[in-house]
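Have a look at the structure below before the remarks.
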Amino acid sequence: MSLSLRQLQVVHAVSRSGSVIAAADALGISQPAVSMMLRDCARIAGFPLFLRKQGRLQPTAETKLLLPDLERVFDGVDRIGRLIEDMGDAHVGTIQIAATATLADNILPVAIAAFQQARPRIHIVVRSTDSPSVIASVLREEVDLGLVLSPLIHHDALALDLCIADLVAIVHPGHELARREVVEPCDMERFPLISFSRSQPLGTLVEQAFREAGVPRRIALEVNQSSVACSLARAGAGIAVIDPFWIIEAREHGVVCLKFRPKTPVTAQVLVNKSTPLSRSARHFLVTLRQTARSLPHQGALR
């Protein structure tokens, strides 16, 4: 038979104070209860735990051997108690996020920076990947939140809209179309097109826009990220039609952003698992993320 945690607490408290009275006050129990538990502890242990010397209870040699481990145990108990209190206030914890590259590079960092100001002790893990992997991570409960661009293939995650934007055309400053305010697919036929495959959400949107305009979409350079499309356009390799989220940061991109017609909206969304409630930390971050999305600068076609 071993000592219970409560009995060990009594031994620990008496060892630190040398007094039944002080131990009872520290533990919030009566003095007779402490005395009774000490007798039970000695009976279970099979040896005396304390000797009275000079009016104080002094630990025996055997008890002294236990004290370092008792200190570690109850230091740990105290830490767990503080951790639970912090978690109740959503000031500590971990948030796992999966995001497509464009949103991981732009909207997400701004939201994380704002969130850290209020809750710096929360650990945030960000995985940058493609849309199908983001969806899979959310459905497998590997992450708390997933950030994607619509349209998406059918999925069973709950999708919440963050903000809506219109596709834009990107060209080198020296490009023949750079001085235009608006470009259409018919304007782009003569130039190499930098675009996404139909398996990508943006590729589906661009394909639809060209079809509506009655212009075949002939891809000269196929990419899977807006950042790569932007780099190719900056190098003068062609004209790209991308989401405007990549260029919302106030930085020099070295390209000209043109309005693209027909007007084609793309939505930034956050995905959550329908069957798993979000932690308090994740719920607070979701609020910050939506506030960040609403406060984005109205560049390009953001709205």
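The values are calculated or read from the model by the stated rules, or taken from the named source; none is laboratory data. Just so we're clear, the structure is a prediction, and the values are computed from it rather than from any experiment. Note: ideal-geometry Cβ built from the backbone for every residue, glycine included; neighbour counts use all protein chains shown. Protein only, heavy atoms only, side chains kept; ligands, DNA and RNA dropped before computing areas. Shrake-Rupley method; radii C 1.70, N 1.55, O 1.52, S 1.80 Å.
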Residue in the stretch 249-267 that is among the hydrophobic types (A, V, I, L, M, F, W, C), open to solvent by less than 50 Å² (accessible area, probe 1.4 Å), at pLDDT 85 or above and in a loop (DSSP other than H, G, I, E, B) present: yes
Glu62 being farther than 30 Å from Ser281 by Cα, over 46 Å from the mean Cα position of the chain (by Cα), in a helix (DSSP H, G or I) and of a type in the set (Asp, Glu): yes
Scan of the stretch 191-230 for residues that are charged (D, E, K, R) and part of a strand (DSSP E or B), ordered by number: Glu222
Residues of the stretch 32-70 classified as charged (D, E, K, R), within 15 Å of Arg6 (Cα to Cα) and in contact (Cβ under 8 Å) with a residue 12 or more places away in the chain, total: 1
Criterion: closer than 30 Å to Ser4 by Cα and among the small types (Gly, Ala, Ser) - qualifying residue of Gly146, Gly174, Gly81: Gly81
Given (1) more than 20 Å from His253 (Cα to Cα); (2) basic (Lys, Arg); (3) in contact (Cβ under 8 Å) with a residue 40 or more places away in the chain, index of the condition Arg180 fails: (1)
Elements of type strands (runs of 3 or more DSSP E) contained in the stretch 76-188, each with 1 or more residues being buried (at least 19 other Cβ atoms within 10 Å of the Cβ) and under 13 Å from the mean Cα position of the chain (by Cα): 93-99, 122-128, 145-149
Where Phe245 falls short, out of the listed (1) farther than 30 Å from Arg119 by Cα; (2) in contact with a Ser or Thr (Cβ under 6 Å, 6 or more places away or on another chain): (1)
Odd one out for Ile29, checked against (1) outside any strand (DSSP E or B); (2) touching a residue at least 24 places away in the same chain (Cβ under 8 Å); (3) of a type in the set (A, V, I, L, M, F, W, C): (2)
All positions within the stretch 215-247 that are touching a helix residue (DSSP H, G or I) at 6+ places or on another chain (Cβ under 8 Å), open to solvent by 10 Å² or more (accessible area, probe 1.4 Å) and among the small types (Gly, Ala, Ser): Ser227
